[in-house]
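Engineer: Below you'll find the structure I mean.
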Amino acid sequence: MALYSSELATLRDVEAELERFRQRLLVAGAATLLLLLLLGLRLTYLQVWQYQDMLARAEANRTAVIPVVPKRGEIRDRNGVVLATNFASYALQVTPSKVADMQATLAEVGKLVELSPRTLRRFAQLRKESRSFDAITLRNQLSDDEVARFAAQQYRFDGVELAAGLFRMYPLGASASHLVGYIGRISPRDKTAMQKWSETEQANYRGTDYMGKRGIEEYYESQLHGQSGHARVETSASGHPVRTLARTPARAGQDLQLTLDIKLQQLVERLYGNRRGALVAMDPRSGDILALVSMPVFDPNLFVEGIDTTSWRTLNESLDTPLLNRAIRGTYPPGSTYKPFMALLALSSGKRQASTVIQDPGYWNFGGHVFRSHGEGGLGPVNLRTSIIKSSNVYYYTLANELGVDTIHDFMQRLGFGARTGIDLRGELSGVLPSQAWKRRHFGKPEQQRWYAGETVSLGIGQGYNTFTPLQLATATSALVNGGVRVLPHLLQRSPEDIAATRTPLGYESQHLAMVREAMVGVTQEGTSRGVFAGAAYTSGGKTGTAQAVTIAQDDKYDAAKLDERQRDHSLYIGFAPAEAPRLVVAAIVENAGFGATAAAPIVRRVMDYWLLNQYPSEADIAAVQQGNARVPIGPARSVSDVPLQALPGFVEMTAASRVAPPPPGAPPAN
């Protein structure tokens, strides 16, 4: 009986185990079926609904899209001379994240290619500005021997590669550097600013490391840059390109032709020598800028791959401020070059007639303050014509006092003083054309905001608060000699229709303009610049100017020898030619060089000889002008066509083989 019960219990245990097994099997089967169902649904989702996306991802694992950087447009002068171009070359690029020991790697690479201290400093600076996985240019313009040596040893250097590409070059070095500008690496600040661009604009700069920074390169960046393309390439498992599957070519940037005559530009740069200053030469009929000079200059090639700290400090901390474009950003008192415009105001307002005579005893007393004029004596009786020819201060002291500051402001504003001209360069300053409202805006204390009558007196001779750019002087002079029509100065060649649309008639009486122009012609025939223009084969008009760099007390006599060089007066000159039908206007300033007839006028004379007579001064004459010792040209002049381009220091010679495309044959000079 006991044995039977035991067997029965065992049988029930087996049945229970089988039941539990069946339950577990059922659960496992259901779970498996559910998993298979989920897997099927997932596969269906991926292969049906997500098919296109998965295909794109798979394709992306197999291929890569590489931006194709467009060839940057060239910049040429009016005669086809290349001012900015591209050259094909190999560069060494380093990706820091792939380099285990940077110092050791650079030392070994330096055994194969030359790595100067400046190159290493520039590379270190670029590393600070870039991400570790960005490819950074270590050295450009490798020679054929250097390329061969490194290519044979490249397997030793992880993260260092040879890269072929187009690189920017300024073949004339420092010449016209402020005008042409330069390109530089896109900085973190630039990238932040680019985030405000449209998606299309941002996409156009993918793969591009450079953009225009100053001058024409910056202003016409969109035209010069071109349109980026792209290439779809098949890649290996390591990510290296295997073959090109499709390609959308880049569209090259637009080549730009300027109104500039680079040979004239270089001549003026040579005439200045080591002196500081600026000169603007333009066609008053069209606004074409023929020369826009700022001295001293700098070599834009230093900036292309990122300027090193030492070179930047040298340029940025120099007392001569070579990076300052004095033609559009240098603001100076106009001195006596302001008098022709004041004379036009006198006639236009009716305050003076051409025959009105003012006694000039050499000083003018106003409110107990003595305003001095010419030396110890005076000019005696002067009318409007002689006030310009002999440059009478007293005539314009009294005129300014009669007119008042706001009348002067409103008239001069129409001529473009105190406002940007609108030239196609960024960074132009407006200068200061004072008025009572201006003073209230710019001074904080009530006693400083008040305009005093004595402050108006100095405005009449181009001193006081007046400060203008050389470009403003040239533009205003153009309006004076161009029938009272103001033109927009420009550097890019424009169509006659575009030029006509920018002409602004100012409404002056033709007889008033003629009186002032005739007096300015008298300056070159019998006035302060007669010695400079003696023997000229054309008739010109002009006005000398001497502007204070620092204020000298009225009781003190000006003595340049007792002053520091940078405290001496500036030398200015404005001129136009030929007098009967002007097609050239020049405004020049030589900083701290004294009287207008001594330094500025001789430079303007050579510019006029160049443009009107096709004459290039002798080397002896250039040297004399540089020293301030020449008025009438010295030695036989040469034909402009016989003189080669003579760049200033900083010239980078470029062989024909390294040029991407040779410049077109130069057209004959358009002067």
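Engineer: Is region 77-143 best put as rounded, prolate or oblate by its Cα gyration tensor, with a ≥ b ≥ c the root eigenvalues, rounded for a/c under 1.5, and otherwise prolate when a/b is larger than b/c, oblate when not?
Structural biologist: Taking the square roots of the gyration eigenvalues as a ≥ b ≥ c, region 77-143 is prolate.
Engineer: I would also like to ask the following. Leaving out ligands and nucleic acids, note down the accessible area per residue over the chain with a 1.4 angstrom probe, in whole Å².
Structural biologist: On a per-residue basis, the chain sits at 48 Å².
Engineer: Give the span of region 103-233's Cα atoms along each principal axis, as three whole-Å numbers ordered largest to smallest.
Structural biologist: 43, 40, 27
Engineer: To the nearest 500 deg cm²/dmol, what mean residue ellipticity at 222 nm is calculated for the chain from DSSP H runs of n ≥ 4 alone, each contributing -39,500 (n - 2.57), summed and divided by the residues?
Structural biologist: -11000 deg cm²/dmol
Engineer: Under the 0.36 nm per residue contour assumption, what length would be gained going from the current alpha-carbon distance of GLN202 and ALA148 to full extension?
Structural biologist: Extending this stretch completely gives an extra 15.8 nm.
Engineer: Here's another thing I want to ask about it. Using the 2.2 N^0.38 Å rule of thumb for compact globular proteins, work out how region 217-302 stacks up: its C-alpha Rg over that value, please.
Structural biologist: Normalised Cα radius of gyration, region 217-302: 1.84.
Engineer: For a Förster distance of 25 Å, can you work out the FRET efficiency between the beta-carbons of GLU580 and THR356, rounded to the nearest 0.05?
Structural biologist: Efficiency computed from Cβ-Cβ geometry: 0.40.
Engineer: Taking just the alpha-carbon atoms of region 284-372, what radius of gyration and Dmax come out, in angstrom?
Structural biologist: Rg then Dmax for region 284-372, in Å: 22.4, 63.
Engineer: So, R0 is 41 Å and r is the distance between the beta-carbons of GLN436 and GLN223; what FRET efficiency does that work out to, to 0.05?
Structural biologist: The calculated FRET efficiency here is 0.40.
Engineer: At a 10 angstrom cut-off on C-beta neighbours, averaged per residue, how do the peptides 21-28, 349-356, 631-638 rank from highest to lowest?
Structural biologist: Highest to lowest by the protection proxy: 631-638, 349-356, 21-28.
Engineer: Would you please put 70-82, 387-399 in order of how densely packed they are, using the mean number of other Cβ atoms within 10 angstrom per residue and starting with the highest?
Structural biologist: 387-399, 70-82
Engineer: Right, next: For region 198-285, which whole-number percentage of the solvent-accessible area (1.4 Å probe, protein heavy atoms only) is attributable to carbon and sulfur atoms?
Structural biologist: Carbon and sulfur atoms account for 44 percent of the accessible area of region 198-285.
Engineer: Ok, one more. In region 372-526, if every C-alpha pair distance is counted and binned at 10 Å from zero, what percent goes to each bin?
Structural biologist: 10, 31, 35, 19, 5, 0
Engineer: Still on this structure, I have one more. Apply the Karplus parameterisation 6.51 cos²θ - 1.76 cosθ + 1.60, with θ equal to phi minus 60°, to every residue of region 153-165 and state each ³J(HN,Hα) to the nearest whole Hz, in sequence, with x for glycine and proline.
Structural biologist: Computed from phi, the couplings for region 153-165 are 10, 4, 4, 7, 10, 5, x, 10, 9, 7, 9, 8, x Hz.
Engineer: Note the per residue figure in Å³ for the convex hull of the C-alpha positions in region 398-452.
Structural biologist: Expressed per residue, the convex hull around the Cα atoms of region 398-452 is 86 Å³.
Engineer: Could you calculate the FRET efficiency of GLN254 with ARG127 from 1/(1 + (r/R0)^6), where r is the beta carbon distance between them and R0 is 22 Å, rounded to 0.05?
Structural biologist: 0.05
Engineer: A further question follows. Can you pull the percent of region 431-480's accessible area that's carbon plus sulfur, 1.4 Å probe, other chains left in place?
Structural biologist: Within region 431-480, the accessible surface is 52 percent carbon and sulfur.
Engineer: Quick check: residue separation of GLN103 and GLU518 times 0.36 nm, minus the Cα distance between them. What number comes out in nm?
Structural biologist: 142.2 nm
Engineer: What is the log10 of I(q)/I(0) for the chain, computed with the Debye formula using one identical point scatterer on each Cα and no solvent, at q = 0.08, 0.10, 0.11 Å⁻¹?
Structural biologist: -0.72, -0.98, -1.11
Engineer: Ranked highest first by average number of other Cβ atoms within 10 Å, how do 185-193, 474-482, 589-597, 84-92 line up?
Structural biologist: 474-482, 589-597, 84-92, 185-193
Engineer: Now for a different question. Could you work out how much longer the chain between LEU43 and ASP564 gets when fully extended? Use 0.36 nm per residue separation minus the Cα distance between them, nm to one decimal.
Structural biologist: Gain on stretching LEU43 to ASP564: 178.9 nm.
The values are calculated or read from the model by the stated rules, or taken from the named source; none is laboratory data. If you're wondering where the values come from, they're calculated on a predicted model, not measured in any experiment. So basically every Cβ, Gly included, is an ideal-geometry build from the backbone, and we count neighbours across all protein chains shown. Areas reflect the complete protein model, heavy atoms only, side chains present, ligands, DNA and RNA absent. Shrake-Rupley method; radii C 1.70, N 1.55, O 1.52, S 1.80 Å.
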